[in-house]
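Student: This is the structure I have questions about; it appears just below.
The values are calculated or read from the model by the stated rules, or taken from the named source; none is laboratory data. As the structure is a computational prediction, the values presented were derived from the model and not from experiment. Cβ sites come from the backbone with ideal geometry, for glycine too, and all protein chains shown count toward neighbours.
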Amino acid sequence: MRVLFLTNIPSPYRVKFFNELGKSCSLTVLFERGSSSERDISWQMQEFENFCGHILKGIKIGVDKAAAPEVIRYLAKERYDVIVVGNPLTPTGGLAIQYMKSRHIPYCIESDGGFAKNGKGIKEKIKKNILTGAAAYLSTSDIHDRYYMTYGADTNKIYRYPFTSITEADIRDMPSQDQEKSALKAELGIKENKVILSVGQFIYRKGFDILIKACRGLGPETGVYIIGGQATQEYIDLVNEYQLSNIHFIGFKVSKELAKYYRAADLFVFPTREDVWGLVVNEAMSKGLPVISGNRCIAAVELVKNAENGYLVQSEDIADFEEKIRLVINDAETMKKMSARSLEIIKDYTIEAMAKRHIEIFTEVKNK
């Protein structure tokens, strides 16, 4: 099966996925841009092992998008059994879709997730025009299904797949035991007995101000480690205002180093105001962590089962975040049970399972 996949940038988890997918089909991937301006240089060191990858020439737009008319040359030059547009709302993806519509070339649309708006206004009409008319829609969740339908997708053309950044090898057999955690804490310079971890960029949407406020009443025996780069002055001022010595801002960490923090931690808290997925939830669960997250994170809505492996909290509800954090972090037995449950749930969300499901979808779409 010959598959053409369009996407924006060669992020590490995407390259992992394409390398796995390429084992089961003849795969060509067009990246509209070579890198994101927000990422560390090491993030760009990816190997295209099982697929043919091309970085398109174009004009960079924003953080990770580009306008690359060169995409038309690939669409016009060769025939493919399946074409997937994973960047439908970028200039390059939108151009590709309009070209294929004009030539009656079937294509699929895929994205990580999405929250539908009211459908009103010029931008919403443009979005509907772009998203309507695909042969298939690859969705990550119920919320994503509704997003597609809001913009004109046929319900019968929506296919679900497990979205993730982790491989089978990334999932631990069991949660970290006390001895391992103690050794990792010593290596990482962590002095507190208990560790709450959060990961993400220091931007307003990630809600770290919510986390800081929710944790201001915790004792010094519980450390809060927020990993994501250079903390902005807003967060530094907030920590100083509350005189918190147990809130720690940690710079960007590559995957191997970040994994040590996941393994050393006792609880993962993701206070995001909105995330169309939130792969850090998958990553935390793969290391056996309970997860407390805002309910505007699609990964958490799909993967966190209330009182089983964590809690979903109403976005911006600081009091509820505080209550749920205390409920978990102060009960060793609860943490143990939730840790084991996270590992059970996340086993269905691997790169291998993601690639296998894509091949099933492609085969069905191709044979229609």
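Student: Can you name the number of the only condition in (1) in a loop (DSSP other than H, G, I, E, B); (2) modelled with pLDDT of 95 or more that Ile226 fails?
Tutor: (1)
Student: Right, something else. Which of the following residues is assigned by TED's automatic domain parsing to the domain that holds Lys206, in contact (Cβ under 8 Å) with a residue 24 or more places away in the chain and within 17 Å of the chain's Cα centre (by Cα): Val276, Val281? Break it down into steps so the answer makes sense when it comes.
Tutor: Values: Val281 fails: in contact (Cβ under 8 Å) with a residue 24 or more places away in the chain.
Only one candidate qualifies: Val276.
Student: Touching a residue at least 60 places away in the same chain (Cβ under 8 Å) and either surrounded by 15 or more Cβ atoms within 10 Å (Cβ to Cβ) or of a type in the set (A, V, I, L, M, F, W, C) (or both) - does that describe any residue in region 118-136?
Tutor: Here is the first cut: in region 118-136, the residues touching a residue at least 60 places away in the same chain (Cβ under 8 Å) are 135-136.
Those left that are additionally either surrounded by 15 or more Cβ atoms within 10 Å (Cβ to Cβ) or of a type in the set (A, V, I, L, M, F, W, C) (or both): 135-136.
Yes, because at least one residue in region 118-136 is touching a residue at least 60 places away in the same chain (Cβ under 8 Å) and either surrounded by 15 or more Cβ atoms within 10 Å (Cβ to Cβ) or of a type in the set (A, V, I, L, M, F, W, C) (or both).
Student: On the basis of being assigned to a loop (DSSP other than H, G, I, E, B), in the same structural domain as Asp320 (by TED's automatic domain parsing) and farther than 30 Å from Thr167 by Cα, does Leu244 make the cut? Don't jump to the end; show me each part of the working.
Tutor: Working: assigned to a loop (DSSP other than H, G, I, E, B): yes; in the same structural domain as Asp320 (by TED's automatic domain parsing): yes; farther than 30 Å from Thr167 by Cα: yes.
When the stated conditions are applied, Leu244 passes them.
Student: Would you mind finding the one in Gly310, Gly288 that is modelled with pLDDT of 95 or more, within 23 Å of Leu211 (Cα to Cα), touching a Ser or Thr at 6+ places or on another chain (Cβ under 6 Å) and surrounded by 23 or more Cβ atoms within 10 Å (Cβ to Cβ)?
Tutor: On the way: Gly310 fails: touching a Ser or Thr at 6+ places or on another chain (Cβ under 6 Å).
Just one listed residue meets the conditions, Gly288.
Student: Looking only at region 192-242, filter to residues that are under 11 Å from Pro271 (Cβ atoms) and of a type in the set (Gly, Ala, Ser); which one of those is surrounded by the fewest Cβ atoms within 10 Å (Cβ to Cβ)?
Tutor: Within region 192-242, the match that is surrounded by the fewest Cβ atoms within 10 Å (Cβ to Cβ) is Gly200.
Student: What are the residues in region 300-322 that are without any contact (Cβ under 8 Å) to a residue 60 or more places away in the chain, closer than 16 Å to Ile345 by Cα and β-branched (Val, Ile, Thr), if any?
Tutor: Scanning region 300-322 gives a single hit, Val304.
Student: Identify, from the list Thr140, Thr155, the residue that is in contact with a Phe, Trp or Tyr (Cβ under 7 Å, 6 or more places away or on another chain), at pLDDT 95 or above, among the β-branched types (Val, Ile, Thr) and over 23 Å from Phe252 (Cα atoms).
Tutor: Working: Thr155 fails: in contact with a Phe, Trp or Tyr (Cβ under 7 Å, 6 or more places away or on another chain).
One residue alone meets the criteria, Thr140.
Student: Could you tell me which numbered condition Cys297 fails, if it satisfies all but one of (1) touching a Ser or Thr at 6+ places or on another chain (Cβ under 7 Å); (2) in contact (Cβ under 8 Å) with a residue 40 or more places away in the chain?
Tutor: (2)
Student: Let me spell it out: the conditions are (1) farther than 25 Å from Gly228 by Cβ; (2) assigned to a strand (DSSP E or B), and Lys60 meets all of them except one. Which number is the exception?
Tutor: With respect to (1) farther than 25 Å from Gly228 by Cβ; (2) assigned to a strand (DSSP E or B), Lys60 is out only on (1).
Student: Okay, next question. Filter region 292-322 down to the residues that are among the acidic types (Asp, Glu) and touching a Phe, Trp or Tyr at 6+ places or on another chain (Cβ under 9 Å), then identify the one that is nearest to Tyr161 (Cα to Cα). Talk me through it step by step, then tell me what you get.
Tutor: First, the residues of region 292-322 that are among the acidic types (Asp, Glu): 302, 308, 316-317, 320, 322.
Checking the rest, the ones that are also touching a Phe, Trp or Tyr at 6+ places or on another chain (Cβ under 9 Å) come to 302, 320.
Working: Glu302: 12, Asp320: 31 Å.
Going through the qualifying residues, I end up with Glu302.
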